[in-house]
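Down below is the structure, laid out as structure tokens.
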Amino acid sequence: MIPRAVITGAAGLIGQYLVKTAPRWAPDWGVQGLTRADLELTETSNVEAWIHALNPDLLIHCAALSRTKDCEQDPASARRINVEATAHLAQLSQTIPFIFLSSGEVFDGKTGWYGEQDEPNPVNVYGQTKLEAERAVLQNPLHTVVRIVLTAGTSETGDRGFVEDMCRTARAGKDVVLYADEFRCPLPAAVIARVIWELVDCKKPGLYHLGGCERLSRWEIGEALLPWYPELQGRLVQSSARNHVGSPRPADLSLRCDKIQNLLSFRIPGFHEWLSTGSGRGSDLWDYHDGSP
């Protein structure tokens, strides 16, 4: 029998890419995606029944309450979903590899270019819950945490990636406000999926950072998207994080990714490089290939 990989959050952006790219990047695995419609991860007894029935050889945990505003408005739900459900899944996966997708939001964003050895200091509920979940996962030496960043890509529902959010706002006739002093290292979900599948093959558990090789401001990201997304024309408004009202946002979440890069068969691209291939408009819908074998 071929080994089975279970992927939670399979309706989310990265979960969708992991499932759809498995035939290319993980042909030796049988993949079972789980969405919230399949299984509510906060229902402990149901989760146990599902995991025991599926009997996976690998569990990749993508599901989360990931919108910062939602976490700030309902921290109890954020903790149930992001911390308690994650810890429970990790406990149910004691003897198998377990990969948890965390976030650069565990850092305060004061310095940028964070490495795995840098001390986390979250400034919002989302980051705090992700950090608590990380600590639960990493108690098991078989388990892995991958901190990711701003994720681009095209989802089946059209409402999962940050580019989709921007375009939806613009099409509604609203301005898209972008901070020129808030920095990220955006990376397409197709690349993240390929990296995760290669990490599975490497069999080297632990803590990893995964972001694009370009540090860009939100404003620079928006400018880079204009040639590919005409609906954004005339809708991008440059502003400053000093004017931000709402949930706390780290200023600079650029990540150093040397540790994971050294394990991979391909070079992690920057955002402009990804766009220049024509991938930005969705031609890479379920794939990323840089020409290497």
Could you tell me whether Arg256 is surrounded by fewer than 16 Cβ atoms within 10 Å (Cβ to Cβ) and either out of contact with any strand residue (DSSP E or B) (no Cβ under 8 Å at 6 or more places or on another chain) or in contact (Cβ under 8 Å) with a residue 40 or more places away in the chain (or both)?
no
Which pairs do you get when a residue that is among the aromatic types (Phe, Trp, Tyr), found in the stretch 221-245, comes within reach of a residue that is assigned to a loop (DSSP other than H, G, I, E, B) and loosely packed, with under 15 Cβ neighbours inside 10 Å, reach meaning Cβ atoms under 9 angstrom, with the pair 6+ apart or on two chains?
Trp228/Gly278
Just one of the numbered conditions (1) touching a residue at least 24 places away in the same chain (Cβ under 8 Å); (2) out of contact with any His (no Cβ under 9 Å at 6 or more places or on another chain); (3) surrounded by fewer than 17 Cβ atoms within 10 Å (Cβ to Cβ) is not true of Ile14; which one?
(3)
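Under the condition of being of a type in the set (Asp, Glu) and touching a residue at least 24 places away in the same chain (Cβ under 8 Å), which residue from the stretch 117-164 is nearest to Ala10 (Cα to Cα)?
Here is the first cut: in the stretch 117-164, the ones of a type in the set (Asp, Glu) are 118-119, 132, 134, 156, 159, 164.
Within this subset, residues satisfying the condition of being touching a residue at least 24 places away in the same chain (Cβ under 8 Å) are 132, 134, 156.
Details: Glu132: 23, Glu134: 20, Glu156: 11 Å.
Restricting to residues being of a type in the set (Asp, Glu) and touching a residue at least 24 places away in the same chain (Cβ under 8 Å), the top hit is Glu156.
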Count, please, the residues in the stretch 121-177 that happen to be assigned to a loop (DSSP other than H, G, I, E, B), under 24 Å from Ser247 (Cα atoms), in contact with a Pro (Cβ under 8 Å, 6 or more places away or on another chain) and among the hydrophobic types (A, V, I, L, M, F, W, C).
3
Which is of a type in the set (A, V, I, L, M) and within 27 Å of Leu264 (Cβ to Cβ), of Ala224, Ala241?
Ala224
Please specify each residue of the stretch 49-107 satisfying the condition of being in a helix (DSSP H, G or I), without any contact (Cβ under 8 Å) to a residue 40 or more places away in the chain and acidic (Asp, Glu).
Asp70
I'm checking my understanding of the structure. Among residues of the stretch 218-260 that are farther than 20 Å from Leu275 by Cα and hydroxyl-bearing (Ser, Thr, Tyr), which one is modelled with the lowest pLDDT?
Ser247
Collect the residues in the stretch 154-204 that are within 18 Å of the chain's Cα centre (by Cα), surrounded by fewer than 21 Cβ atoms within 10 Å (Cβ to Cβ) and either under 25 Å from Thr111 (Cβ atoms) or acidic (Asp, Glu) (or both), keeping them in residue-number order.
Glu156, Asp159, Phe162, Glu164, Asp165, Glu198
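State whether the residues of the stretch 8-21 include one that is touching a Pro at 6+ places or on another chain (Cβ under 6 Å) and either of a type in the set (Val, Ile, Thr) or modelled with pLDDT of 95 or more (or both).
Taking the stretch 8-21 and keeping what is touching a Pro at 6+ places or on another chain (Cβ under 6 Å), we get none.
No, because not a single residue in the stretch 8-21 is touching a Pro at 6+ places or on another chain (Cβ under 6 Å) and either of a type in the set (Val, Ile, Thr) or modelled with pLDDT of 95 or more (or both).
The values are calculated or read from the model by the stated rules, or taken from the named source; none is laboratory data. Everything numeric here is computed off the predicted structure, so don't read it as measured data. Neighbour counts are summed over all protein chains in view; Cβ atoms, including those assigned to glycine, are modelled from backbone coordinates with ideal geometry.
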